[in-house]
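Shown next, in structure tokens, is the structure this report addresses.
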Amino acid sequence: MTSCRAQDIRLTERFRTAGQGPESTSAFDLSCCDGRIIADNDERRLAPDRVVNVMGSGAARAQANVALAKYWGKRNEALNLPYTGSISITLAGLETFAQVDFDASLQSDSLELNGVAAKQDEARKLSSFLDLIRRQSGVSRRARVELRSNFPVAAGLASSASTFAAFAAAATRAAGMCLTDQELSALARRGSGSAARSVFGGFVEWLAGEADDGTDSYATQLAPPEHWDLGIVVAVTAAEPKAVGSREGMARTAKESPFFPVWLQVHDADLEAVRAAIRVRDLALLGQAAERNCLAMHAVALTARPPLLYWNPGTIAVMQRVWSLREQGVEAYFSIDAGPQVKILCPMEQRDAVADGIRGVAGVQRVLLSQPGSGVQHVEVG
Ligand code: PMV
């Protein structure tokens, strides 16, 4: 087995030479760690040989994802353990950069989001995620954290996914932790469930797992980005943060919707259809399953008490435009996460035509073009 130290140095070089280009698709490959998963027991310290080269600083970037078979409901709220598996595509170009510096001179964590000091609730969340890393690594210093996203945050564009994937990678690097892809995914999951998937590029499944401690609940790559040249168009219909976050939305739905058991029942078939469609690159199968699963998730959210409606008039207008494009023979399908933005899947060669068709829809503020993107990547600092 390669020692962590040697592996770590090799990785540093690989990320430096990987050049952060879009073709550089892999997430981490820390074979030194033997695929062991850190228990989700906060008190458990990583074995000393797996905390190496405490560099104090680390930086990484990760991209958002769109869920095709969605995560909506937690069997364990503290550990972000889902009732069901979920599958997503990592979105090229919708990116968060994270830099973490553990600094002995700091009395408390200093946390900045897009150049602005984190608000109290954000700061609490980010600091408790750092506490988890401090407990697992044995590093006790406070940290300076800088997070920057290049797309609207907290508005249903999976910014928490890219944020926590990048943050987990940067902070564990700074703390010298030697983690496998799976461990990093399980750790990112603690910050935000969907972040477990953004650790990987391309087409990604997050396994629900069965263990109470969450050790078997992590994401795995189904296929790399180049497996399927899909076009993705994102219609931004509101830039402000949503009123009800996904954590509260899921909890309310699971507790208060009489249809929640039905959602759990139908979800498995969608998951299977999405998996099969990715395998054989069947866009009609994928798109129909994704739309069906999206509408089921929003239906179950709508039937929570009080109801949760994430859409605005622009959202509905875009959905209708997608259906009418389909009637005209364009292979386009939508999905919507916990917010008003609409993500549209189509063949890459039709992406510009779909984007043009969406730009004119009332309520659309911005159209972003994307495609399957890469997993989390370290960025060399200093
Ligand atoms: O990871 P969270 O807590 O932001 O929840 C994400 C929920 C959805 O985006 C609606 C679905 C999903 O699977 O990403």
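Note on Val116: accessible area is roughly 90 Å² with a 1.4 Å probe, heavy atoms of protein only.
Which whole-number value in Å² is the accessible area per residue of the chain, probe 1.4 Å? Intermediate results must be reported in sequence, preceding the final value.
Working: 15070 Å² over 382 residues.
Value returned for the chain: 39 Å² of accessible area per residue.
Put the Cα centre of segment 71-129 next to the Cα centre of segment 348-382 and the gap is 23 Å.
Taking every DSSP beta bridge that has both residues in the chain, what percent is antiparallel when rounded to the nearest 5?
Values: 50 of 54 bridges.
Given both bridge residues lie in the chain, the antiparallel proportion sits at roughly 95 percent.
Taking 0.36 nm per intervening residue step and subtracting the Cα-Cα distance, what contour gain separates Asp229 from Leu369 on full extension?
That pair, Asp229 and Leu369, stretches by 49.1 nm at full extension.
Fraction of C-alpha pairs exceeding 18 angstrom in segment 279-339: 41 percent, rounded to a whole number. Per the Debye calculation on segment 49-157 with a single equal scatterer at every Cα and no solvent contribution, log₁₀ I(q)/I(0) for q = 0.18, 0.21, 0.22 Å⁻¹ amounts to -1.12, -1.28, -1.30. In a GNM of the chain with a 10 Å cut-off on Cα contacts, which of Ser192, Ser88, Ser128 has the highest mean-square fluctuation? Its mean-square fluctuation being the largest, the pick is Ser128. Helical content of the chain, expressed as a calculated mean residue ellipticity at 222 nm, amounts to -12000 deg cm²/dmol (DSSP H runs of 4 or more residues, -39,500 (n - 2.57) each, divided by residue number, nearest 500). Take His267: with every protein chain present and a 1.4 Å probe, its accessible area is about 0 Å². Computed in the context of the full set of protein chains, the accessible area of segment 229-382 at 1.4 Å probe radius has 55% of its extent on carbon or sulfur. I need the fraction of alpha carbon pairs in segment 230-370 separated by more than 20 Å, rounded to a whole percent. Here the tail beyond 20 Å accounts for 49 percent of pairs. Please find, in a Gaussian network model of the chain (springs between Cα atoms separated by less than 10 Å), the residue of Gln221, Gln107, Gln63 whose mean-square fluctuation is greatest. Result for the chain, Cα springs under 10 Å: Gln107 fluctuates most.
Compute the relative contact order of the chain as a whole-number percentage, counting only Cα pairs closer than 8 Å that sit 6 or more residues apart in sequence.
Numbers: 926 pairs, mean separation 95.3, N = 382.
So the answer I get is 25 percent.
With Rg and the Kirkwood Rh both taken from Cα atoms, where does Rg over Rh land for the chain?
Using Cα coordinates only, the ratio equals 0.96.
How much FRET efficiency would the formula 1/(1 + (r/R0)^6) give for Glu327 and Asp352, where r is the Cβ-Cβ distance and R0 is 22 Å, rounded to 0.05? Step by step, r from the Cβ atoms, then E = 0.65. May I ask you to derive the FRET efficiency for Ile316 and Ser110 from their Cβ-Cβ distance with R0 = 56 Å, giving the value to the nearest 0.05? Here the calculated transfer efficiency is 0.85.
Quote to one decimal, in nm, the extra length available between Ala251 and Glu210 on full extension: 0.36 nm per residue of separation minus the C-alpha distance between them. Walk me through the numbers before you get to the answer.
Details: separation 41, 0.36 × 41 = 14.76 nm, distance 1.93 nm.
Gain on extension, Ala251 to Glu210, equals 12.8 nm.
Springs join every pair of Cα atoms under 10 Å in this Gaussian network model of the chain, and among Ser105, Ser194, Ser149 the largest mean-square fluctuation is at Ser105. Cross-link partners for Lys74 among the lysines, with Cα-Cα distance under 16 Å and sequence neighbours closer than 8 places in the same chain left out: Lys255. Here the extension length gained between Ser140 and Asp121 equals 4.6 nm, from 0.36 nm per residue of separation less the Cα-Cα distance.
Here segment 252-325 and segment 187-203 have alpha carbon centers that stand 20 Å from each other. The value of relative contact order for segment 266-382, using C-alpha pairs under 8 Å at least six residues apart, is 21 percent.
The values are calculated or read from the model by the stated rules, or taken from the named source; none is laboratory data. Predicted model, so just to flag it, every value in this text is computed and none were measured. Methodologically, a virtual Cβ is constructed for each residue, glycine included, from the backbone with ideal geometry; neighbour enumeration extends over all protein chains shown. The protein model used for the area step is the full one, side chains on, heavy atoms only, and it has no ligands, DNA or RNA in it. Shrake-Rupley method; radii C 1.70, N 1.55, O 1.52, S 1.80 Å.
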